[in-house]
Structure formats: structure tokens, C-alpha cells
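J.: The structure's right below; bear with me while I get my questions together.
Please treat every number below as a calculation from the coordinates, not as lab data. These numbers were taken from a predicted model, which means no experiment stands behind them. Glycine also receives a Cβ, built like all others from the backbone with ideal geometry; neighbour counts cover every protein chain displayed.
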Amino acid sequence: MFVNWLLLLTLLLHCQTAPPPAGSQFWPYTGYATARLYTFNETYPLPNETQMPQTSVVVNGDINPAATYVSEIAPDDMLQIVQIMTQTSDMVAMGLSKCFIPRHGIVLYDDQNNIQAQLSMCFECDQIVASPPVRYKKIFSKQKVWKEKDIAKAEKDIAAIAQVVSRYAPLRW
């Protein structure tokens, strides 16, 4: 009996920390082996800055040359982010304000180290842009007036992702 409980507990723990399989209902809808955190736009804006900020951690299929590798993200932490991204609304992608100067990026890789997906995150304006795009269950982009409960849900989702990211790097604004 004890062996059965131990086997069940081991199986449950493995299921909670393994990345979603290819073809899953969770963003990014493909399999991935590892997740890495990067920072960029760390000093933006510099005095007399004339260039626009970088808007993605991945540029032309490669890591943005201005990005700095921070750390690999633990599978259970990345699974938490994946679940949040899958269950949130498109308010997260549109942002709750308009600055979008992402300073954190997460890149998902397959087991051959090929880029599978990425998130570029601005915790100042509460916007996260995903590639491939999230298949949102709730679409608000055409709605003129957002409800307070929907804004609160988007803020809660972004705050939960920020909390995970802050375990690996300071949040930058």
C-alpha cells in the first residue's frame, strides 16, 4: 500500500513540473525542454536617447543582441507561467497602459536548443507579448469599455508572472 502511495505521489510531482507536451492545450502549444530568462532595455532611456526601445527578446529568430542571459527557469516555475498565460485574457497582450518597454524576456527552447516560443514582458505597463500568440479564451480587444473585474484579473495574472520572474532577477521599470 505504501509503495502505491509513493508511486502516485512521484507521478503527481512529475506531472506538475514537466513542461506541457507538444500539441497541448497550454501556450505555447508545442513542446519545450528549457526556459531561459533574459533582460534587455535595462538602461532605457539614456539621456538624449533617440532610438526606440527594443520590443522583443527574440529578433529575426535569434536572441536579441541587446539581451543579457540571467538564468534558466525551473520547470515548475515555467509551468506556472504557461498556465497563467493560457488562462488569461488578451488584455495582457494589449497592456493596461501604453509604454511597452519590455525589460524581461523568457525564451523556450526544444531539446536541440532551438527557439520554440518567447515572452517579452513590461511590468511597468502590464503588458506581455507572446510568440506564438496565445489563443485567448476571452477577447477584449474590440470592447470599448473594460470591466473592473476583467482588469483586476489581468493585473493579477501579470503580478503572478512578475512574482515568478522576480525569483530570478530584480524587476526593472
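J.: Under a 5 Å amide H to amide H cut-off, with H placed in plane at 1.01 Å, what residues pair with residue 70 once short-range neighbours are removed?
T.: 37, 38, 39
J.: How long is the gain from residue 148 to residue 68 if the chain were fully straight, where each residue apart is worth 0.36 nm and the alpha carbon distance is subtracted? Numbers along the way, then the final one.
T.: Details: separation 80, 0.36 × 80 = 28.80 nm, distance 3.62 nm.
Stretched fully, the residue 148-residue 68 segment lengthens by 25.2 nm.
J.: Give me the dipole magnitude in Debye, nearest 20, for the range 35-173 about the Cα centre, with unit charges on the beta carbon: positive for Lys and Arg, negative for Asp and Glu.
T.: Working: 14 positive and 15 negative charges, 131 e Å.
With only Lys, Arg, Asp and Glu charged at Cβ, the dipole is about 640 debye.
J.: Here is a further query. Based on the Cβ-Cβ distance from residue 112 to residue 59, what FRET efficiency comes out when R0 is 22 Å, to the nearest 0.05? Working shown, then result.
T.: On the way: r = 20 Å, r/R0 = 0.93.
E(calc), rounded to 0.05, equals 0.60.
J.: Residue-wise, which Karplus ³J(HN,Hα) couplings in Hz belong to the range 97-106, taking 6.51 cos²θ - 1.76 cosθ + 1.60, θ = phi - 60°, and x for glycine or proline?
T.: Each residue's phi maps through the Karplus curve to give 9, 10, 6, 5, 10, x, 10, 10, x, 10 Hz.
J.: Counting other C-beta atoms within 10 Å, which of 108, 46, 79, 119 has the fewest, and how do the rest follow? Walk me through the numbers on the way to the answer.
T.: Values: 108 24, 46 8, 79 19, 119 27.
Least crowded to most crowded, the residues run 46, 79, 108, 119.
J.: Please give, to one decimal in nm, the separation of the simple spin-label points placed at residue 156 and residue 46, each 7 Å out from Cα toward the Cβ.
T.: Distance between the two pseudo-spin positions: 4.2 nm.
J.: In addition: If you plug each phi of the range 131-138 into the Karplus form 6.51 cos²θ - 1.76 cosθ + 1.60 with θ = phi - 60°, what whole-Hz ³J(HN,Hα) values come out, in order, with x for Gly and Pro?
T.: 9, x, x, 6, 8, 5, 7, 10
J.: Multiply the residue separation of residue 124 and residue 24 by 0.36 nm, subtract the distance between their alpha-carbon atoms, and state the gained length in nm to one decimal. Can you show the working numbers first?
T.: Details: separation 100, 0.36 × 100 = 36.00 nm, distance 3.07 nm.
Extra length available between residue 124 and residue 24 comes to 32.9 nm.
J.: Shifting gears a bit: FRET efficiency for residue 76 and residue 97, Cβ-Cβ distance as r, R0 = 41 Å, nearest 0.05? Please list the in-between numbers first.
T.: Values: r = 31 Å, r/R0 = 0.75.
After rounding, the FRET efficiency stands at 0.85.
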